[in-house]
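Undergrad: The structure is given below, and queries will be raised subsequently.
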Amino acid sequence: QTGVIEYATSRPRVLGWLRSAAILDGDWGTSIAYVLGIGFALAGHSSFWHLVAMLFFTALVALNYITICRLYPNGGGVYSSVQHRSRTLAVIGALLLGADYVITMALSILVACHYLGLENPVLWAIAIILMTAVLNWYGPKHPGGVAVAISLVTIVTIATIIVFSAPTAISQATIEPFHDSLFANWGIFVGLILSISGIEAISNMTGLMKDPARDSRRSILAVLTKVIMATVFLGLAMHAIPGLEGHAEDMVRFLGEHYVGQWFGWVVAGALGLLLISAGNTAMNGLISVQFLMAVDKELPTSLRRLNRYGVPVVPLIVSTAAPIVVL
């Protein structure tokens, strides 16, 4: 009645570590779906050592992100960590990150529709983005619950492949040494490291966590453990298949068909398809958070700080829905 509009400077903290881990798994965890195939395509039977090197580097990055999340409990990640040193560089980083989230959302959900065998995958991807936006209208807690269910399905699926393949993988894996050329090994390592991104998403969720330092640490360590164990054991299973060729894009599905049964390939496809949809949800949450923080810092219009009754920034949600649809 007074004509004064209240603009939020923070959002409700509703996420515990389990939901945060599941949302992070939606982006970071999808790397398992393609890093094995890319590694084998680049390095053949020596790719196991490249995968181990990649995991070691990833673990170092993850440990640094535990510190970043503790120091910047309101979110922002790369944006917040640079903002007090150079506002211009921070904005450039945030815009690049925003572009990454838009493309991740569009392509992850589109690839998910291909995995699930849906006709007219582009139209289905647009519909799924709209449904994800509706779910996010009611706050991050509900999409987080869905992400938990999807992560559990994926973990059970991967664990099944590991159990069935373990006897053969441990006893018959053929692992060759590194290539002699330093530059060749470096090129393979770069190719792998570029395919296992996604941990940045956790630093854009700390503003929604009940206890940012504790919850982010537990989330990072939980997903890191899953990524390491799955990559190592599935990597050994991959190297134990004689005469293996191809499957750069569907290695995990092929492993399921080879060790469990032809029918299990559809189970793997369904689980990975759902995980890729979860990756789209993670990207949407990250893009919303970046826009909100930039509005709080007055780098974007103040209107982007207006929240609905569930604590969700309205304009950033609209932008985060429209942008990937335009890309598609």
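Undergrad: Answer yes if at least one residue in region 18-37 is farther than 17 Å from GLY198 by Cα, under 22 Å from the mean Cα position of the chain (by Cα), touching a residue at least 40 places away in the same chain (Cβ under 8 Å) and surrounded by 23 or more Cβ atoms within 10 Å (Cβ to Cβ), and no otherwise.
TA: Within region 18-37, none of the residues are farther than 17 Å from GLY198 by Cα, under 22 Å from the mean Cα position of the chain (by Cα), touching a residue at least 40 places away in the same chain (Cβ under 8 Å) and surrounded by 23 or more Cβ atoms within 10 Å (Cβ to Cβ).
Undergrad: Here is a further query. Return the residues of region 169-183 that are in contact with a helix residue (DSSP H, G or I) (Cβ under 7 Å, 6 or more places away or on another chain) and outside any loop (DSSP other than H, G, I, E, B); say none if nothing qualifies.
TA: The answer is ALA169, ILE170.
Undergrad: Being open to solvent by less than 40 Å² (accessible area, probe 1.4 Å) and either of a type in the set (Gly, Ala, Ser) or touching a Pro at 6+ places or on another chain (Cβ under 8 Å) (or both) is the filter; apply it to region 54-72 and report the residue that is nearest to ILE175 (Cα to Cα).
TA: Selected residue: ALA59.
Undergrad: Let me ask something else. In this structure, does ILE241 turn out to be aliphatic (A, V, I, L, M) and without any contact (Cβ under 8 Å) to a residue 24 or more places away in the chain?
TA: yes
Undergrad: Still on this structure, I have one more. Quick check, is ARG85 of a type in the set (Lys, Arg), at pLDDT 90 or above and open to solvent by 20 Å² or more (accessible area, probe 1.4 Å)?
TA: no
Undergrad: Quickly run through region 281-319 and pick out the residues that are open to solvent by less than 30 Å² (accessible area, probe 1.4 Å) and touching a strand residue (DSSP E or B) at 6+ places or on another chain (Cβ under 9 Å).
TA: Scanning region 281-319 gives ILE288, SER289, GLN291, PHE292, ALA295, LEU304, ARG305, PRO313.
Undergrad: Failed condition for ASN120, given (1) closer than 11 Å to ALA283 by Cα; (2) of a type outside the set (Gly, Ala, Ser); (3) open to solvent by 60 Å² or more (accessible area, probe 1.4 Å), with all others met?
TA: With (1) closer than 11 Å to ALA283 by Cα; (2) of a type outside the set (Gly, Ala, Ser); (3) open to solvent by 60 Å² or more (accessible area, probe 1.4 Å) applied to ASN120, the lone miss is (1).
Undergrad: If you don't mind, another one. What's the number of the condition LEU287 fails, among (1) modelled with pLDDT under 90; (2) under 18 Å from SER203 (Cβ atoms); (3) not polar (S, T, N, Q)?
TA: Condition (1) is where LEU287 drops out.
Undergrad: Test of understanding: among PHE264, PHE233, which residue is aromatic (Phe, Trp, Tyr), touching a helix residue (DSSP H, G or I) at 6+ places or on another chain (Cβ under 6 Å) and open to solvent by less than 40 Å² (accessible area, probe 1.4 Å)?
TA: It is PHE264.
Undergrad: So HIS239 ticks every box in (1) of a type outside the set (Gly, Ala, Ser); (2) within 22 Å of VAL156 (Cβ to Cβ); (3) in contact with a Phe, Trp or Tyr (Cβ under 9 Å, 6 or more places away or on another chain); (4) buried (at least 17 other Cβ atoms within 10 Å of the Cβ) but one. Which box is left unticked?
TA: For HIS239, the exception is condition (2).
Undergrad: Would you call LEU304 within 17 Å of the chain's Cα centre (by Cα), part of a helix (DSSP H, G or I) and farther than 22 Å from ILE170 by Cα?
TA: no
Undergrad: Starting from region 317-328, keep only residues that are more than 11 Å from ILE126 (Cα to Cα) and in a helix (DSSP H, G or I), then list their pairs with residues that are polar (S, T, N, Q) and open to solvent by less than 30 Å² (accessible area, probe 1.4 Å) whose Cβ atoms are within a distance under 8 Å, requiring at least 6 positions of separation or different chains.
TA: If the second residue must be polar (S, T, N, Q) and open to solvent by less than 30 Å² (accessible area, probe 1.4 Å), the pairs left are LEU317/ASN136; VAL319/GLN291; SER320/GLN291.
Undergrad: Moving on to the next point. Exactly one condition in (1) over 16 Å from ASP27 (Cβ atoms); (2) modelled with pLDDT under 90; (3) of a type outside the set (Gly, Ala, Ser); (4) surrounded by 15 or more Cβ atoms within 10 Å (Cβ to Cβ) is not met by ILE199; state its number.
TA: (1)
The values are calculated or read from the model by the stated rules, or taken from the named source; none is laboratory data. Just so it is clear, the model here is predicted, and its values are computed rather than measured. Every residue, glycine among them, receives a Cβ derived from its backbone with ideal geometry; neighbour counts consider all protein chains shown. Protein only, heavy atoms only, side chains kept; ligands, DNA and RNA dropped before computing areas. Shrake-Rupley method; radii C 1.70, N 1.55, O 1.52, S 1.80 Å.
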